[in-house]
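Here's the structure, in structure tokens; my notes come after.
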Amino acid sequence: MREMLKDKELNNCGGYRGWRKKITNAIWKNEILNSEKLNDLFMYNFKKEFDWKSTLEFVSNRINFSQRQCNDKDTKERSYRIKNLLKEQPTYNVLYKRNTNKIENDWCKRCGKEAKEDWEHIWLCEDNEFTINEINSRKLIILRGKSKIWVRGVYNENFNSLTNKKEEKVLIKKLWNFTYDEIKKRIWIPRCEEIKRLEDKVNIQKLDLRKKRERLNENLEDGTEKIKKIKTEENIEKLNKKRFNKKISLVTLDTI
């Protein structure tokens with residue numbers, strides 16, 4: 001009987017979890033559908049160019065890991081892919097908009113030009129050792145001229161029409177996945193390493209990038225006034241406490 005009750009409790013718990021997951025998925029789908037950062041993708045989606053099922057599997061990193069697996073490598077990879085899809089990589093343009101400490105402008109620090117380092121500039125910067133086309137031509141010669149490689153991780157529906165054989169479709173996805181990783185390794189990671197070197201040179205630490213310019217300035221400008229205000233409030237509290245104790249002693253004295 002006890003075992004039956006335990007099984008029933010587990011089933012109820014599992015049912016609640018499944019229900020909760022469906023709600024969470026619905027919330028996230030709503031957020032995605034109403035995100036301004038994906039407007040351009042949905043414009044292309046109108047032309048039925050995207051395979052959203054393959055895209056979501058790829059962005060959530062379910063190609064290399066199962067749903068039950070989760071580790072640091074998986075978490076970092078999913079974070080990169082989601083940010084890349086949303087064009088929210090920590091470029092200087094993004095950091096400047098966030099009022100990050102010690103980021104005085106949004107110019108690219110690598111090429112030395114007064115060019116805004118946004119998501120597009122990362123892949124086209126003159127400081128890159130490789131171009132996207134060079135990486136694609138080396139790895140995806142079979143797909144050259146037949147479909148566009150989406151750097152953001154969106155899988156093109158035209159890939160599915162290249163062949164009807166299941167094995168070949170799997171191979172095309174592996175090639176596409178491999179190319180995506182190559183673009184990251186040959187462009188994004190070298191970019192981050194070079195930016196870190198340049199930031200260390202001017203004494204910009206990781207902790208600095210977590211602070212806001214406005215908050216830091218307020219603390220520097222108003223620090224003295226805040227200290228004075230705190231001391232004044234403490235003195236007032238002490239004075240009120242003395243007055244209160246004096247009144248108590250007077251009442252007690254009269255009673256005696």
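Odds and ends about this structure:
- Taking 0.36 nm per residue of sequence separation and removing the Cα-Cα distance, the Leu56/Arg78 pair yields an extension gain of 6.8 nm.
- Of Lys76/Lys165; Lys116/Lys211; Lys113/Lys212; Lys21/Lys83, those spanning more than 28 Å from alpha-carbon to alpha-carbon: Lys76/Lys165
- Sum of side-chain charges, Lys184 neighbourhood, beta-carbon under 11 Å (Lys, Arg +1; Asp, Glu -1): +1
- The range 39-211: relative contact order as a whole-number percent, Cα under 8 Å and 6+ apart: 26
- The simple spin-label model puts a point 7 Å past each Cα toward its Cβ; for Lys212 and Lys21 those points are separated by 3.7 nm.
- If R0 is taken as 25 Å, the Cβ-Cβ distance between Ala115 and Glu194 corresponds to a FRET efficiency of 0.95.
- Sorted fewest first by neighbouring Cβ atoms within 10 angstrom, Arg110, Arg62 come out as Arg62, Arg110.
Each value in this text was obtained by applying a stated rule to the coordinates, not by laboratory testing. For clarity, every value in this text was computed on a predicted model and none was experimentally measured. As a convention, Cβ positions derive from the backbone with ideal geometry for all residues, glycine included, and neighbour counts pool all protein chains shown.
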